[in-house]
Structure formats: C-alpha cells, structure tokens
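Okay, structure first, notes after.
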Amino acid sequence: MNRELFGVFGDSETFSRFRSPSSFDRVVEGRSITVGVRDVGIGMPGRTAVHADGDRVCTLVGEAYAPGSATSPAALALERRDASGFDAMADVSGSYLAAVDTGETAYVATDPARTVECFYADASGVRVFGTDAFEVARTIPDSTVRRDSLLEFLHLGVVLGDKTLVSELHRAPFDGRLHADGTGTFDRFVYRPTEFDYVEALAGRLERALERRRHLPGRKGLLLSAGYDSRAFLAGPTDVDACYTVTRQNGREAAVAARIADQYGSDHTAFEADGDYLTTGFSTVRYGNGIRESIHAHHAAFADRMDVETMYHGLLFDTFLRGHYLPRDEFSALGHALPRSRLATDFDPATSLVTDSFGFVPISECDGLDGELPAESLAFARDAVGREFSRLAGRYDSTYDGCAVVGIANQPTAPFRTHLADHFLESFPAADGELVDWHLRTPPEYRNTRTFRRALERIDGDVLRHRPPDRPHDSVTLNEVEQFVRERAPFLDAFENAWPDRREEYERANLDDELFPDQPSLHGLPVLLKLRINDATTWLGRLECDTEPEPARLLSPPAEQFRLRSE
C-alpha cells in the first residue's frame, strides 16, 4: 500500500529479513524496535511523522495533532513517557498508529477508537506488526484459517474482536497497545456522561476539528452526499475546491449534492454506477485487510477521476455524533415496524446490532448449502456479537453505550477510509480528540441527528437549505411514514436509496460469470454473500500464492480450522 507502517520487535537486520528498507520513506531503529513508514504526508504538520533521539524513537502513521503544543506528536510521545507511562499519546488527537521505543520500553499504540488497525504475528519467531494485514500475514510460514472468524465474516461482513481470518494473525486490542510479549489496553475510550450544552459544544468542537485540517496542501476534494454529514466541511472553515458524489444512475442524490456544492461555490462531479461500481479484484479487496468486506470502498472505481491531492470525508460522523448504533423505538403500521426518533426501551442489544447495524445475511436460510454451517444463523451471529459486549463491558454502564462501543470497535466501513488514505492526503475529522470526547461525555439520548443539525446551524444558519431527497421532514417518524406510503402507493415514487443497488450492479457487471463461472450452485445466493465469498477467497488466495481456496470449502468449513497452504 502507498501508506503503511511495518515493524519488528528487533533490530534493523531482523527488519530486513521481512521487508526491504528501500521500500519505505523512513526506517528507524530503537533499542528494541525497528519501524519503516511510507506515506505521501510524512513530515507535514499533523500528519505521519518520525522522531528519533539516539535509540529513542517514535514513528507515527496517520493523522495526529497535539492541541496547544508546538511539539510534534511523535516528539511529544517521547517527552511525555516518564510522566505519562504507557499512555504517552494521551494528549495526541486524531487517527493514528504510533510505534514508541523510549530506550526502556517499546510498544505500539492505537488511537482511542482504533481507527488505524495494528496487525501482528509471531509465527516466524519474531513479533512482526503493521497496518497492512496482508504484509504481516506473509511472514507466517504455514497459515490456518479460523472457522469462527470466517463464519462471522460471511454472516456479518466483519471479523469481530481482535481476530482475523488467519489463526496466526492477530490485532492489537481496541484502545490498546502491543508489546514484544503481550498486549494491553488503555482507558481512554470510556463513557462518562456529563451535563453540558451539547449543541453549543458540538458546534465549537466541530469547527475547531475542521480548522485543524484546513491547511492541508494542494487542490482539496470532498466526498459529498445529499445528507448532513459531509456538508459540514462546506459550512465550516475548510476550503473545498471540488465535490464528488458516487450514486445510482439518474439518481436524485447527485442533483441535491450538486445544489449544495453550488451553494458554497465548489465544483461538483457525479459518478453514476456504470458496471465498475463493484470492484472485486485483490487491489480493492486488500483494503478490507481480510476482516471487513470491501464493498464499503464504494468509490474505488472512480478514484483516478478525482483530480485533487487532499480528500475530506464525513465517515463516522453518524457514529460518533448522530448515534448510528443506538437502537430506536418502533411503532406498528399495517403490520410493519416503523422507527421513531426516540431510543428503544425494550430490546436485546446483540440482536439489535446484528439485524439493524451489521450487514447480516441469514446463511442458514440459503438454499443449496450444507456442511458444517451453523444450524441457525441469527443465533450464531447474536452469540458472537454478545461476546463483544462482555469483552468491552468495562467501557460502559448504559446498554445504549454498550451498543455504540461494540459497533465502533467492530466498525464495518473502515475500508472506505483505508482506500482514500492510500490514494489521497486523506483527512478524518470524526476521530478528532475533541469530537470523540464529546461522544463519550454526551448521554445517548442527545447523540442524534437533531443535535447534529442544530450544531450545523450554529456554524452556518443556511447549511440545511437543500433537504436530502429521502428526508423531506425534520421528523424521523414523518419521513419513515412517507417512505412507507410511497412504497405502497402506485401513483407515488418511492424514496430512492442514496447508494447504487448492489443487485443491479452485480447483474450489470455479470459477476456470476466472472467470479463463479464453474459453480452455478452459488449463483442463487444473496449478492452480499457472494461478494463476501469473493473477498475471502481473493484475500486468502493471494497468501496461497494466487491459488484461491474453493468457495465450497469456505461455505462448509471443518469444525475448527483448516490449513491455508498445502504441506
């Protein structure tokens, strides 16, 4: 990948056993750790940085700011080591992975929300780590596939917890750190609801988060939808030259986005799905790191047509600021459940996440599948997600916040950002420390679209001039009722989904013949499941020297695990 951190708990000679130092922009060696980093933003303020002081080194990849300090975050991590213990990054804000060697202690630290993953493996006799799961997995001499991880991926589109598809490949914990002989966690991402002016605080923090990122170089772009999240960049202090919208053919989403861009004097380009929307090769699948489905890199086919150096996006604004994972109350209308704006009061948290938030596919209901699959998919998925609530129990008291942290720790949409960071100087303001702190301190009943909309209007009173095409009313309930009526009235057009229809695009690209030409038994499976099968076979197959595992082997895995490479 174009942006990557790779390292070993060992010296530079050990590092060279696995990777060529010449393939990185910088390689630094501390007393216990050697790290290479590659990124177009290296050395820019707030971006990837390397600081070395003798055998004391800190290598940081991603986006990181030290508010109120002239010292770079990489240097700050070494300065604060004695005072701060392992949490030397406590005052650093952003989305990053930091490898720190103080001369006495060496570790790799995630940001509080683990928005940059750290993968590691010990199978070679040396602890190897990095941001690209494929490069770390290549150091494993003889890989085996984890059955539970594979089944989670096929059912939910994400591998939960600290696991991966490969038994010998692991992840640093959520809000955690990696050592030469173990792992640990911090207590930065812990919910602590407090009473304050949530709207005013959010408006101020959002403006400061955007201000910190406004000075990035070159022509600036924004992935703009007709919704609320991305228009914050236009209303705020960032200067956006060009807006891009990926949408369905002849969609109303692009027309509204164009009016929003014009309102703020920005160029606008719409990319309508044209058969290339579902990119299924290894170059795209790789952005899922073998733990998330690549469909979330929905802009991948159009990146070479986006003529900008810096790219802004609103990923996770809905999660941190609008309560995406919080269960909503429902009411019944003509036998159908319609959501209200208020929080649910009677719900099973694991079931809520499985059915409403993750891309659940009930494989046990698919025809023509047999073997060692779970007898009942919902029970399997609910139990798997339930274990995540137990694993993260120390971080929340409210069940609502439990839903939020389990969703955030297992965020399915990360490939969206990973792809952007590999092609542009990408900025991720949702991970700003002030906004994450707002999320953790704001009670769940105030983390909603109404609060976010009011905060946007504090920044710019005209920001909501153009309504999203599927939200003509301020009320969530009224929007849902109108959508319900439109879907059933023959003389009204239904609200269209902002995204291209996966089934239509799959058929337009004739992917059954491309992906499964000799396996007609798979053609009747749900499109989402077929795309996940392709993700898994493609990613694992590249580890197996381009010999992809048979889909039937993935769909009927043995009871525990199976060997990836032949003896």
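The values are calculated or read from the model by the stated rules, or taken from the named source; none is laboratory data. Remember, it's a predicted structure, so these values are computed and weren't measured experimentally. Methodologically, a virtual Cβ is constructed for each residue, glycine included, from the backbone with ideal geometry; neighbour enumeration extends over all protein chains shown. Only protein heavy atoms, including side chains, enter the accessible area calculation; ligands, DNA and RNA are left aside. Shrake-Rupley method; radii C 1.70, N 1.55, O 1.52, S 1.80 Å.
Would you check if Y244 is assigned to a loop (DSSP other than H, G, I, E, B), touching a residue at least 60 places away in the same chain (Cβ under 8 Å), of a type in the set (F, W, Y) and under 24 Å from Y506 (Cα atoms)?
So Y244 fails the test.
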Could you check G41 against (1) over 20 Å from R127 (Cα atoms); (2) open to solvent by 60 Å² or more (accessible area, probe 1.4 Å); (3) assigned to a loop (DSSP other than H, G, I, E, B) and say which number it fails? (2)
Could you please find all residues in segment 18-46 being without any contact (Cβ under 8 Å) to a residue 60 or more places away in the chain and among the charged types (D, E, K, R)? D25, R26, E29, R38, D39
What number of residues in segment 1-14 are more than 14 Å from A99 (Cβ to Cβ) and under 27 Å from the mean Cα position of the chain (by Cα)? 3
Segment 452-469, residues that are open to solvent by 10 Å² or more (accessible area, probe 1.4 Å) and touching a helix residue (DSSP H, G or I) at 6+ places or on another chain (Cβ under 8 Å): R454, R458, I459, D460, D462, L464, R465, H466, R467, P469
Sole miss for A121 among (1) open to solvent by less than 10 Å² (accessible area, probe 1.4 Å); (2) under 18 Å from D181 (Cβ atoms); (3) of a type in the set (A, V, I, L, M, F, W, C); (4) in contact with a Pro (Cβ under 8 Å, 6 or more places away or on another chain) is condition (4)
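Being buried (at least 17 other Cβ atoms within 10 Å of the Cβ) and either of a type in the set (F, W, Y) or assigned to a helix (DSSP H, G or I) (or both) is the filter; apply it to segment 15-27 and report the residue that is nearest to the chain's Cα centre (by Cα). Break it down stepwise before answering.
From segment 15-27, those buried (at least 17 other Cβ atoms within 10 Å of the Cβ) are 15, 18-19, 24, 26-27; that's our starting set.
Add one more test, that the residue is either of a type in the set (F, W, Y) or assigned to a helix (DSSP H, G or I) (or both), and what stays is 15, 18, 24.
On the way: F15: 29, F18: 27, F24: 25 Å.
My answer is F24.
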Out of the residues in segment 422-438 meeting the condition of being open to solvent by less than 10 Å² (accessible area, probe 1.4 Å) and of a type in the set (G, A, S), tell me which one is farthest from I42 (Cα to Cα). A430
When you go through (1) within 18 Å of the chain's Cα centre (by Cα); (2) over 30 Å from L165 (Cα atoms) one by one for I291, which number turns out not to apply? (2)
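Quick one: which of F389, F452, F416 is assigned to a helix (DSSP H, G or I), under 14 Å from T115 (Cα atoms) and aromatic (F, W, Y)?
Working: F389 fails: under 14 Å from T115 (Cα atoms); F452 fails: under 14 Å from T115 (Cα atoms).
None of the others qualify; the one that does is F416.
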I need a count of the residues in segment 256-301 that are surrounded by fewer than 19 Cβ atoms within 10 Å (Cβ to Cβ), touching a residue at least 40 places away in the same chain (Cβ under 8 Å) and in a helix (DSSP H, G or I). 3
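Here's the yes/no breakdown for (1) in contact with a Ser or Thr (Cβ under 9 Å, 6 or more places away or on another chain); (2) within 30 Å of V405 (Cα to Cα); (3) of a type in the set (D, E):
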| position | (1), (2), (3) |
| --- | --- |
| V240 | yes, no, no |
| A261 | yes, no, no |
| T284 | yes, yes, no |
| D304 | no, no, yes |
| R328 | yes, yes, no |
| L343 | no, yes, no |
| P349 | yes, yes, no |
List the number of the failed condition for D111; all other conditions in (1) among the acidic types (D, E); (2) open to solvent by 10 Å² or more (accessible area, probe 1.4 Å); (3) more than 24 Å from T284 (Cα to Cα) hold. (2)
Just give me the residues in segment 3-14 being surrounded by fewer than 16 Cβ atoms within 10 Å (Cβ to Cβ) and over 20 Å from D53 (Cβ atoms), in sequence order. E13
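Anything in segment 357-396 that is aliphatic (A, V, I, L, M) and closer than 25 Å to P327 by Cα? List them, or say none. Give the steps one after another, and end with the answer.
In the first step, residues of segment 357-396 are kept if they are aliphatic (A, V, I, L, M); the result is 361, 363, 369, 373, 375, 378-379, 381, 384-385, 392-393.
Hits for segment 357-396 are V361, I363, L378, A379, A381, A384, V385, L392, A393.
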Just to verify a result, which residue in segment 402-411, among those that are open to solvent by less than 10 Å² (accessible area, probe 1.4 Å) and not aliphatic (A, V, I, L, M), is nearest to A133 (Cα to Cα)? N410
Look at segment 260-281 and say how many of its residues are of a type outside the set (S, T, Y) and either under 18 Å from the mean Cα position of the chain (by Cα) or under 13 Å from R532 (Cα atoms) (or both). 2
Considering only segment 30-50, state which residues are at pLDDT 95 or above and out of contact with any Gly (no Cβ under 9 Å at 6 or more places or on another chain). R38
